[in-house]
Amino acid sequence: MSTDKTSTGKQARPIRTLLVDDHALLREGMRSLLEREDVVEVVGEAGSHDAALAEVNACRPDVVVVDLKLSAGTEYEGLRLIKDIAHRHPEVAALVLTTFLDDDLVVRAVRAGARGYVVKDVDTTELVRAIQAVSTGGSAFDPRSAAVVLRTVSGEAETTETLSDREREVLRLLADGMSNKRIGETLYISESTVKFHIRNIIRKLGVTKRTDAVYTASKRGLI
């Protein structure tokens with residue numbers, strides 16, 4: 001675990017923490033573990049995007065611990081929640097706690113506003129440290145996530161070809177996890193046209209897969 005704190009000193013009060021996970025048993029287990037720690041106070045739970053925002057308004061937590069997958073669908077609703085929290089409540093720190101350890105998701109979570117990213121096999125001590133770190137304005141990442149962030153901020157050579165506005169629209173929808181069919185329906189274009197744009201995007205970004213295209217575009221600030 002790599003943590004960074006911008007302030008030091010004794011914790012004045014327990015860190016008010018909201019747990020967001022669509023599995024009630026997992027929330028109950030996390031609450032049980034965290035409530036044994038004097039430095040953390042679990043002030044609420046939620047299982048969906050809307051319920052979480054309502055709890056943030058009601059509980060005013062310091063930290064929201066968010067799972068990326070909040071529904072049975074294919075999209076990562078937790079990313080949208082993190083964006084909304086960052087926009088509406090910038091004083092609240094979002095910490096991702098998920099089973100998904102994927103380079104693209106790490107980048108997307110950070111760009112959405114997450115201050116940390118750890119996987120669910122982390123022990124309680126490390127989770128508490130992560131909560132403490134993000135609550136003071138710092139960051140908390142497991143070793144692999146930290147390496148992804150480092151590669152992202154260090155940057156790589158950008159493509160010499162410019163993506164069109166339509167290609168950027170397709171990329172943003174790809175980043176949201178949409179299928180070719182759904183992208184076409186959203187943009188009112190045919191599925192074959194979507195595939196054409198994706199081929200151009202992959203070629204221009206110098207990658208081989210759509211997932212790599214999203215990751216590279218996120219890293220370069222194109223979406």
Original post:
Which one of these is closer than 22 Å to Asp142 by Cα, touching a residue at least 60 places away in the same chain (Cβ under 8 Å) and not basic (Lys, Arg): Val107, Val66?
Top reply: Val107
Subject >> Every residue from region 19-50 that is open to solvent by less than 70 Å² (accessible area, probe 1.4 Å) and free of Cβ contacts under 8 Å to residues at least 12 places away in the same chain >> reply: Gly29, Ser32
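For region 103-117, how many residues meet the condition of being assigned to a loop (DSSP other than H, G, I, E, B) and surrounded by fewer than 23 Cβ atoms within 10 Å (Cβ to Cβ)? If you could, list the steps in order and put the result at the bottom.
Going through region 103-117, the residues assigned to a loop (DSSP other than H, G, I, E, B) turn out to be 113-115.
Restricting the remaining residues to those that are surrounded by fewer than 23 Cβ atoms within 10 Å (Cβ to Cβ) gives 113.
Count: 1.
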Subject >> Arg144 being modelled with pLDDT of 90 or more, farther than 29 Å from Asn200 by Cβ, open to solvent by 70 Å² or more (accessible area, probe 1.4 Å) and within 20 Å of the chain's Cα centre (by Cα) >> reply: no
Subject >> Flag if Ile223 is at negative phi and either loosely packed, with under 15 Cβ neighbours inside 10 Å or assigned to a loop (DSSP other than H, G, I, E, B) (or both) >> reply: yes
**OP:** Please enumerate the residues belonging to region 147-170 that are polar (S, T, N, Q) and either surrounded by fewer than 19 Cβ atoms within 10 Å (Cβ to Cβ) or at pLDDT 80 or above (or both).
**Re:** Ser154, Thr159, Thr160, Thr162, Ser164
Original post:
For Glu126, which of the numbered conditions (1) at pLDDT 90 or above; (2) open to solvent by less than 10 Å² (accessible area, probe 1.4 Å) fails to hold?
Top reply: (2)
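Yes/no matrix, rows are residues, columns are (1) within 21 Å of Lys120 (Cβ to Cβ); (2) within 21 Å of the chain's Cα centre (by Cα); (3) modelled with pLDDT of 95 or more:
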site	(1), (2), (3)
Arg13	no, no, no
Arg16	no, yes, yes
Val20	yes, yes, yes
Leu25	yes, no, no
Glu28	yes, no, no
Asp38	no, no, no
Ala46	yes, yes, yes
Ala54	no, yes, yes
Original post:
In region 69-102, how many are in a loop (DSSP other than H, G, I, E, B) and either at pLDDT below 90 or β-branched (Val, Ile, Thr) (or both)?
Top reply: 13
**OP:** Within region 171-186, track down each residue that is surrounded by fewer than 16 Cβ atoms within 10 Å (Cβ to Cβ), in a helix (DSSP H, G or I) and either among the small types (Gly, Ala, Ser) or in contact with an Asp or Glu (Cβ under 6 Å, 6 or more places away or on another chain) (or both).
**Re:** Lys181
Subject >> Tally of residues being under 15 Å from Leu163 (Cα atoms) and either outside any loop (DSSP other than H, G, I, E, B) or modelled with pLDDT of 85 or more (or both) across region 196-214 >> reply: 13
Original post:
So which residues in region 46-68 are of a type in the set (D, E, K, R) and assigned to a loop (DSSP other than H, G, I, E, B)?
Top reply: Arg60, Asp62, Asp67
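The values are calculated or read from the model by the stated rules, or taken from the named source; none is laboratory data. A quick note: this is a predicted structure, and the numbers were derived from the prediction, not measured. Because the Cβ atoms are built from the backbone with ideal geometry, glycine has one as well, and the counts that use them run over all protein chains shown. Surface areas here come from the heavy atoms of the whole protein model, side chains and all, with no ligands, DNA or RNA. Shrake-Rupley method; radii C 1.70, N 1.55, O 1.52, S 1.80 Å.
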